[in-house]
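Just so it is clear, none of the values below were taken in a lab; they were calculated from the coordinates. For clarity, every value in this text was computed on a predicted model and none was experimentally measured. No Cβ is skipped: glycine too gets one built from the backbone with ideal geometry, and neighbour counts run over all protein chains shown.
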Amino acid sequence: MNRKELMEAITTNKDLNHLTKKDVEAVFTTAMDVIKKTVKKGEDVSLIGFGTFTKIKRKARNGINPSTGEKIKIKAKTLPKFRPGKEWKDMM
């Protein structure tokens, strides 16, 4: 399912069919922006039953280029991480 299909599924929900696609898109975009900005600041976003969005830091490390066998240095970086909630894990 892609973003467009998700928006369509939300607008066809019988409890939310009073919302237009434009309304759903605005709410979804705003929610995603808030999650991104909050995690970027270093705070977690926990959605009970769904999961938690966090920010992790990877240390610099040495690696090997698989095609040449040459040793390379991999820079430290910060990445987003998602941990599914218990309810979601149990459903799977």
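A DSSP coil position with no more than 16 other Cβ atoms inside 10 Å describes the following GluC sites (Glu not before Pro) in segment 19-92: GLU43, GLU70. P(r) for the chain, from all Cα pairs and a bin width of 10 Å, is 14, 26, 31, 18, 9, 3 %, short bins first.
Along the charge dipole of segment 1-42, Cβ charges K/R +1 and D/E -1, which of THR20, LEU6, THR38 sits furthest on the positive end? In segment 1-42, that residue is THR38.
Could you state the angle between the C-alpha long axis of helix 21-40 and the longest principal axis of the C-alpha atoms of the chain, as a value from 0 to 90 degrees rounded to the nearest 10? The answer is roughly 30 degrees.
Compactness of segment 1-42 was expressed as the Cα radius of gyration divided by 2.2 N^0.38 Å, which yields 1.33.
Calculate how large, on average over all directions, the projected area of the Cα convex hull of segment 44-92 is; give the answer in nm² to one decimal. Don't skip to the answer; put the middle values down first.
Working: hull surface 20.1 nm².
Over all viewing directions, segment 44-92 projects a mean Cα-hull area of 5.0 nm².
With a cut-off of at most 11 other beta carbons within 10 Å, and DSSP calling the residue loop, which trypsin sites (Lys or Arg not before Pro) in the chain qualify? Please list them.
On the way: sites: ARG3, LYS4, LYS14, LYS21, LYS22, LYS36, LYS37, LYS40, LYS41, LYS55, LYS57, ARG58, LYS59, ARG61, LYS71, LYS73, LYS75, LYS77, LYS81, LYS86, LYS89; in loops: LYS14, LYS41, LYS59, LYS75.
Answer by residue number: LYS14, LYS41, LYS59, LYS75.
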